[in-house]
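The values are calculated or read from the model by the stated rules, or taken from the named source; none is laboratory data. Here the structure is a predicted model, which is why all the values come from computation and not from measurement. Neighbour counts are summed over all protein chains in view; Cβ atoms, including those assigned to glycine, are modelled from backbone coordinates with ideal geometry. Please note that ligands, DNA and RNA were not included when accessible areas were found on the heavy atoms of the full protein model with its side chains. Shrake-Rupley method; radii C 1.70, N 1.55, O 1.52, S 1.80 Å.
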Amino acid sequence: MITDPFFWIGTAVCAASLVVCLVAAATKRYPGDAAILSVAAVELFLLVFGIGAIVRQAGGEAVRGEPWEFWGYELTALVLPIAAFWWAILDKSRWSNVVLAAVPITLFVMLFRIEQIWNGAY
């Protein structure tokens, strides 16, 4: 069982973003501010998560799995919301909302895997 508060906060942020993006996909023909801002909130969480991981490692808490894998997931996760943002800006269609909705789902799975790597559970 995962007891890390970062994981549960990230799960809540991803779930809220998913709901906002799915509602936007169902009701709008273009990506609205709410959907874009919800994905920006996920990106903000990932930045805070990364800073928290740096602080935890600097304080002596080591990643039990492979550190390169942990940071690879973290850096990849940071890129996905930015890519979806640009997609939404360039493609003003309902599909942009679906792309935005794919981000929190994907990042939840990545966050789960990041937690597994941190705790050494494979």
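Summary table below
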read-out	value
At 1.002 mPa s and 20 °C, Stokes D of the stretch 1-67 from Kirkwood alpha-carbon radius, µm² per second	157
Cleavage-rule hits (GluC sites (Glu not before Pro)) in the stretch 1-97: DSSP loop, at most 11 neighbouring Cβ within 10 angstrom	61
Taking all pairs of distinct alpha-carbon atoms in the stretch 53-122, Kirkwood radius in angstrom	13.4
Label-point separation in nm, residue 44 to residue 4, each point 7 Å along Cα→Cβ	2.2
Helix-only [θ]222 nm of the chain, DSSP H runs n ≥ 4, -39500 (n - 2.57) each, per residue, nearest 500	-28500 deg cm²/dmol
Percentage relative contact order, the chain, counting C-alpha pairs under 8 Å, at least six apart	41
Fraction of alpha-carbon pairs over 24 Å apart in the chain - percent	29
Rounded tilt (10° steps) of 94-119 against the dominant C-alpha axis of the chain	10
Carbon/sulfur fraction of accessible area - the stretch 5-119, other protein chains in place, 1.4 Å, %	76
Exposure of residue 78 as accessible area (Å², to 10), given a probe of 1.4 Å and all protein chains	30
